1. Could you please report the charge total around HIS86, scoring K, R as +1 and D, E as -1 over all other residues with beta-carbon less than 13 angstrom from its beta-carbon?
2. Using a 7 Å offset from the Cα along the Cα-to-Cβ direction at both GLU63 and ARG100, what is the distance between the two label points in nm, to one decimal?
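Nothing in this text is a laboratory measurement; each read-out follows from the coordinates by a stated rule. Treat the numbers as computed from the prediction; the structure is a model and nothing was measured. No Cβ is skipped: glycine too gets one built from the backbone with ideal geometry, and neighbour counts run over all protein chains shown.
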Amino acid sequence: TQPFGKYQDFGTTLLGRTIVSIETVCEVDRSYGGHVVLHTSDGRAFAFYHDQCCCEDTEHWIEGADSIGKPIETCSSSVTASEYVHGTATETNFELDGLRLKFIVSSNGYYGESIEFDEVILDTEKSK
């Protein structure tokens, strides 16, 4: 299982960038199950999210936000899949120096549980 999305490799994209803020969005309609957006000092934004289907739940945690404001020098990820009585669950962890993002996606076992990574097109870019 690829721990990052089909669009960009998070490590290559974020190395050397400086995170200036973190935004978490919980989708009311549950179409994405919430996502974490990292805003960088060069005015760009990058999201980690799960493209959620009907029979899934997504939870996420952020730890080590005190590393905001420092250039990212190391990136790593890990994925652990498990089965339980009603389906499956996948835990995906991303570490960007001291910043840790943890996602747990559970489903009935039929749907994919991967975390996607992509650049966010900000409203200011849409108007150009």
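1. It works out to a net charge of -3.
2. The modelled label-to-label distance comes out at 0.2 nm.
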